[in-house]
Structures are given as structure tokens and as C-alpha cells.
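Comments concern the structure below.
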Amino acid sequence: MKLTFILRQAARGYMASAKHKFQEPTLAVVTGASQGLGRSIAIELAAQLADGSVIATTARSKDGLDETAKMAHEERRNRNKAGEVEIRAVPSDLSKSEDISTTMQSCVKGCAPSQFSSAILIFNFATLGDITKRVCDFRDPDEIARYYHVNVSHLPVLTGQLLDWCKSGEGKMDAVVVNISSVSVSKPVVGMSLYSSGKAARDIMLKVLAAESPNVRVLNYAPGPLLGTRMAETFRTTPNKLHTTKSLYEEDTTRTRVPCKHSAERLLQLLRADKYTSGDHIDYFDIQNES
Ligand SMILES: NC(=O)c1ccc[n+]([C@@H]2O[C@H](COP(=O)([O-])OP(=O)(O)OC[C@H]3O[C@@H](n4cnc5c(N)ncnc54)[C@H](OP(=O)(O)O)[C@@H]3O)[C@@H](O)[C@H]2O)c1
């Protein structure tokens, strides 16, 4: 009887001290946050992060980022979260090398690592590339080089800069790096050669990061086929001239479209529970099936 009581008390103590991630102030950076999934991720972070957190959002449109910040503050108020988080807009064009070099500096400007217990970097921004061409239709090598530059080059640079910044503090910060991936890394879809190979490059790059940096938590998250984003609309309205009259979207009828808010919530759930193996590729639908 006495032993049961002691074990129960011990379990209670463990549960009280068991922490989800991000219960302390966190520095978050989200790319492509002026609309679509990136906006929803920034809003969800604002609703869940601790008082004193800073969320740096990047994209080209300052107006879009300002709107995201407005919506994020509103969501935090609606969920009655105590205290404030700062949401800063960092306009930058990640297709330009000079912007890639300076973006992280602007994201952390005026912040000290000692203010935070965690840093999270979410690589959400990506482009589709030309989805009307088959592999053998490409003729201009510069088009291909440009695609990979825009979609891949910023990942290692921004990651290295953030990890250096985290290390520059005296305190020990947890670092989490997330790539927004796609089911297309393992499923060939006609017309998606640039997109899928770019996503596959990002996935394996972060898997290598996980192998090289065991103290960094790394995740490749495929958000599901999203509902109503600009990318989803391009995908929906681009006729598949390649082998049928249907659009690529109409051919992808097997999976239900996912609202960005749901996918962002699922991502935050994964990150907070912190149970994935670093470097894993996890799909929105995998998580639903597990729960
Ligand atoms: N849509 C889907 O069904 C789907 C499915 C699976 C995976 N995903 C992935 O989910 C992520 C988000 O997709 P989404 O549908 O939300 O995309 P989206 O609607 O096209 O939004 C892309 C974001 O990236 C920003 N952006 C575009 N070009 C940029 C540049 N040169 N430099 C900096 N930022 C730039 C855009 O803002 P600005 O125009 O203001 O720069 C926007 O905020 C992507 O990684 C995508 O591959 C999407």
C-alpha cells in the first residue's frame, strides 16, 4: 500500500516536471509567412509560444507579413494566452544571394540568445517550378540551376547562421530545424520533376544535418495537399498538357484537401510532443492515422 502511494507520488512529480517543448521563451523563424501555410504556422506559433517569445516572419511582401502579424496577435488574444510575443516582419527575397546572406541577421537583430531557451527555424517557402514540362522537355540549364538555387541554397546558410547565433550565447539553447516537405519526394508525379527533386534535396540535406548535429532536433514534415493556397491554386489550375486534359490537381483526387490551419496545428503538436526521430520525414496523414 505504502509502496503504491510512493510510486503514485513519484509519477505525479514526474508528470509535473515533464515538459513539452517551447514552454519557455522561444525564438522562431518562419519563411514564406506572408500567406498560405507559412502564415498559419506563424499564427499557431503566436497562439502557443510562451510570453517573451519572438517570431520572425520572412517573405517578399511586407503587407502580407504585416497582415500575418495582425492575425497572429488576434489569435493569441482569442486563446487568452498570458503576456505578449513579438512578431517581426523581415521582408526578403530568398531567390537573391544577398538577401539569403542577411535575412537571419535581421531575424535576430536586437535579440540575445540568453533571452530564449529554444530556437526553431521552419523552412516553409518553396516554389513549384514549371509543372508543364516533362523531364526531357527542359532545354535551359539555367532554369534548372535557378530552381535549385531558390529552393535549396538558403537552407544550409540560414541553418548555419542560426546555429552559430545560438552557440554565441552563454546559456544552452535547444535548436529545432523543420523542412516543409511533400509527399512528392517519394511519389513520382508527371510534371513535378523540379519540385519533387528540390524537395528531396531539402529532405536529405536535413537528414544529413541530423546525422552531423545530434544536439539539433530536425524534422521533414509533409503538410498534406493544402486547401486554397497560391501554390495549391497554381497546381489546381495548370492544365496537364502532358498526357491528359485533366489538371494535375484533378488527377490527385485520392487525398482530402487539408486547411492550412489544421496542418499547422498538427505540425505544432508533433514539435511539442518531441517524439520523432531527428531527421524523420513525417506526413500529415501518418499522424492522423496514429492518433
Ligand atoms: N500547396 C500544397 O498543396 C502543398 C502540398 C505539399 C507541400 N506544400 C509545401 O508547403 C509549403 C507552403 O506551401 P503554400 O501552398 O502555402 O505556398 P504559397 O501559397 O505559394 O506560399 C509561398 C510563400 O513563400 C513566399 N515566397 C515566394 N517566393 C519567395 C521568394 N523568392 N523569397 C521569399 N519568399 C518567397 C510567398 O510570399 P511572397 O510572395 O510575399 O514572397 C509565400 O509567403 C511549401 O514548401 C510547399 O512546397 C504545399
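Any read-out appearing in this document is the output of simple, stated calculations on the displayed coordinates, not a laboratory observation. Since the structure is predicted, the reported quantities are computational estimates derived from the model, not experimental observations. Please note: Cβ atoms are built from the backbone with ideal geometry, for glycine as well, and neighbour counts cover all protein chains shown.
Points worth noting:
- Gained length - GLU24 relative to GLU212, 0.36 nm times residue gap less alpha-carbon distance: 65.1 nm
- Using a Förster distance of 22 Å, the FRET efficiency for LYS172-GLU265 (Cβ separation, nearest 0.05): 0.15
- Distance between the pseudo-spin-label points of ARG60 and HIS149 (7 Å out from Cα toward the beta carbon): 1.4 nm.
- In nm, spacing of pseudo-spin labels at ALA112 and ASP164 (7 Å Cα→C-beta vector): 2.1
- Segment 68-114 and segment 139-176 have Cα centres spaced 17 Å apart.
- Modelled FRET efficiency - R0 51 Å, THR256 with THR102, Cβ distances, 0.05 increments: 0.80
- Cα gyration tensor shape for segment 95-191, rounded if a/c is under 1.5, else prolate or oblate: prolate
- Ranking of ASP140, ASP274, ASP283 by neighbouring Cβ atoms within 10 Å, starting from the fewest: ASP140, ASP274, ASP283.
- Whether the chain is rounded, prolate or oblate, judged on the alpha carbon gyration tensor where a/c under 1.5 counts as rounded: prolate
- Proxy reagent accessibility, fewest Cβ within 10 Å first, across LYS199, LYS172: LYS172, LYS199
- DSSP-assigned coil residues among chymotrypsin sites (Phe, Trp or Tyr not before Pro) in segment 91-184, each with at most 16 further Cβ atoms within 10 Å: PHE138
- Using the Cβ-Cβ distance between GLU74 and CYS136 with R0 set to 41 Å, the FRET efficiency works out to roughly 0.25.
- In loop segments of segment 60-153 as defined by DSSP, the trypsin sites (Lys or Arg not before Pro) with at most 13 further C-beta atoms inside 10 Å of their C-beta are ARG79, LYS109, ARG134, ARG139.
- Cα-based shape type of segment 23-127, given that a ≥ b ≥ c are square roots of the gyration tensor eigenvalues and the cut on a/c is 1.5: oblate
- Burial ordering of THR234, THR256, fewest other beta-carbon atoms within 10 Å first: THR256, THR234
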